[in-house]
Amino acid sequence: MSFEKQNKGNIRETLDWLSEELKPSFDLVYKPLHIDEKHTELLYIKTVVDGAQLQQLVIKPFFELGNDRHVAAYLSSLPNLQEIKAKEQILLDLTKGSVIVAIRNQLLLLDIKKVNSDTVLESLIEPTIQGPQLSLSEDIVTNINLIRQRYHKSSLKIETMDIGEKTHLTLAILYDAEVVLDEVLENIKSKLNSIKPQTVQSTMELNRLLNDKKRSLMPIMMMTERTDRVVYNLAGGKVILLLDGSHTTVLAPAVFFDFMSSMDDKYGSYWITKFLKLLRYFGLFACLTLPGLYVAATSYNPEVFRVELALSVAGSRIGVPYPSFIEVLFLLVFMELLTEASIRLPKAVTGTATTVGGLILGQAATEAALASNIMIIIVGAVAISTFVIPINEMSFAIRVVRFILLAISSFAGLAGLLFGLIGLLMYLSQLNSFGEPYFKIYLQSKRTETERTST
């Protein structure tokens, strides 16, 4: 027996059930149409439905045709009419862009989805070799459409609010009600309600406003423009914040290991993924320790080197007129200037400018005895190691920490470097992101938390 025959007379009950399953979502639309003796009801999600097609195929003919019977016959003849087998199937199809039409005591399901993937650009901030390349746009409706195209669950809830007392931009809060932790969600909502900024123009500014520790060195929320990362984190129980006019989104809570993961990890084979992750952590360690280790070994603890290497390092520094700390600091600052210039310059000249700056000035520094050849190699290795960190917020933070460890090493040698690393670990271990420990390997979702407490 078909779904229509089984549920004849229970149309209102089915519509109410569908509405309850999809609430609260700002883009859920219930639209009754009524004129003379004709009456129908529409239920759909507006961010994934083509409004122009809906007007042309459903709403306009409803007012033009003679009676309900003619309207129902016309809608039943459309090629995008879908067969209804169960109300759970209706729920899934609604999230994909279908419209449910209740007319003459029957339900009709029409596929009128809208696809915005052709109107957005590829990801520039987080490029990957494999997987989808689409990034978010600056239009919040388009962004929600991109996310809903890839996340077809009725438990995806979308709440909106205005933020900025002068700008009044729309902020959307997205989460999967089945897996998000209630205390994390309430914590984020309470902080959003507590901030009263005059203006908000970007999600990076929103990120700063939500951080209780205004001078925190490490990021506790992640910024991304990738739709696949958003979908993956939604399924993991995180909360997504979309701001109208910004092409990046905020993911919260975020822990340390989130910032060391690339979306390529989801698409590559097991051993390749593990190898690349190992390279990233090796690069992180090298980026943090190499400058301080060089200063400590040359100024305080030369015995850590083999004799041949110690003589090679000492020979390369012949003629350098200042201590190793000044040498390292000079080259690191110069490297930071090159990095900043590569961001600010037009793309057409960025490659040329940074190549000329890095090669010619680096060679000139060694020939003028302002820096040793080995130091040039170390700074180059540090620069490359910095860029293997996949998330920019963490990369910037590590660059700052590198200078702190360098300063400590210049005063206390290897012991200072070791105590600096221990202090960094202690600092990271006391951080939390909306109640989640910063060193937590996996964020606990509501589902896994329920399973754990019930066993």
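Annotation note: of THR355, THR339, THR366, the sole residue that is modelled with pLDDT under 85, touching a Lys or Arg at 6+ places or on another chain (Cβ under 9 Å) and part of a helix (DSSP H, G or I) is THR339.
Pick from THR40, THR128, THR47: which is of a type in the set (Ser, Thr, Tyr), in a loop (DSSP other than H, G, I, E, B) and touching a residue at least 40 places away in the same chain (Cβ under 8 Å)? After ruling out the rest, the residue left standing is THR128. For region 245-291, a tally of residues being of a type in the set (Gly, Ala, Ser) and part of a helix (DSSP H, G or I) returns 2.
Kindly evaluate VAL231 against the criterion of being under 26 Å from VAL115 (Cα atoms), out of contact with any strand residue (DSSP E or B) (no Cβ under 9 Å at 6 or more places or on another chain) and at pLDDT 90 or above. The answer is yes for VAL231.
Of all the listed residues (ASN116, ASN67, ASN105, ASN80), the sole one being under 30 Å from ILE343 (Cα atoms) and out of contact with any Pro (no Cβ under 6 Å at 6 or more places or on another chain) is ASN116.
Every listed requirement among (1) at pLDDT 90 or above; (2) in contact with a strand residue (DSSP E or B) (Cβ under 7 Å, 6 or more places away or on another chain) is met by LEU206 save one, (1). Taking the conditions (1) under 25 Å from the mean Cα position of the chain (by Cα); (2) outside any loop (DSSP other than H, G, I, E, B); (3) at pLDDT below 90; (4) more than 22 Å from THR248 (Cβ to Cβ) in turn, SER154 satisfies each one other than (2).
The listed residues are GLU436, GLU451, and the only one of them that is closer than 22 Å to PHE259 by Cα, among the charged types (D, E, K, R) and at pLDDT below 90 turns out to be GLU436. Residues in region 240-283 that are touching a strand residue (DSSP E or B) at 6+ places or on another chain (Cβ under 7 Å) and over 22 Å from GLN133 (Cα atoms): ALA252, PRO253, ALA254, VAL255. Only one of the numbered conditions (1) in contact with a Ser or Thr (Cβ under 6 Å, 6 or more places away or on another chain); (2) part of a strand (DSSP E or B) is not met by LEU91, and that is (2). The selection criterion, being in contact with a strand residue (DSSP E or B) (Cβ under 9 Å, 6 or more places away or on another chain), surrounded by fewer than 21 Cβ atoms within 10 Å (Cβ to Cβ) and either in contact (Cβ under 8 Å) with a residue 12 or more places away in the chain or not assigned by TED's automatic domain parsing to the domain that holds GLN201 (or both), does not hold for GLY237. Scanning region 72-88 for residues that are among the small types (Gly, Ala, Ser), under 27 Å from GLU37 (Cα atoms) and outside any helix (DSSP H, G or I) yields a single hit, SER77.
Across region 307-324, a minimum of one residue is classified as among the charged types (D, E, K, R) and either loosely packed, with under 13 Cβ neighbours inside 10 Å or in contact with a Pro (Cβ under 9 Å, 6 or more places away or on another chain) (or both). Scanning region 292-322 for residues that are among the aliphatic types (A, V, I, L, M) and outside any helix (DSSP H, G or I) turns up ILE318, VAL320. With respect to SER324, is the statement that it is modelled with pLDDT of 75 or more and under 17 Å from SER410 (Cα atoms) true? When the stated conditions are applied, SER324 passes them. Taking the criterion of being assigned to a helix (DSSP H, G or I) and either in the same structural domain as LEU18 (by TED's automatic domain parsing) or at pLDDT below 90 (or both), would at least one residue in region 210-217 satisfy it? Yes, that holds for at least one residue.
The values are calculated or read from the model by the stated rules, or taken from the named source; none is laboratory data. Treat the numbers as computed from the prediction; the structure is a model and nothing was measured. Ideal geometry is used to build each Cβ from the backbone, glycine not excepted, and the neighbour counts take in all protein chains shown.
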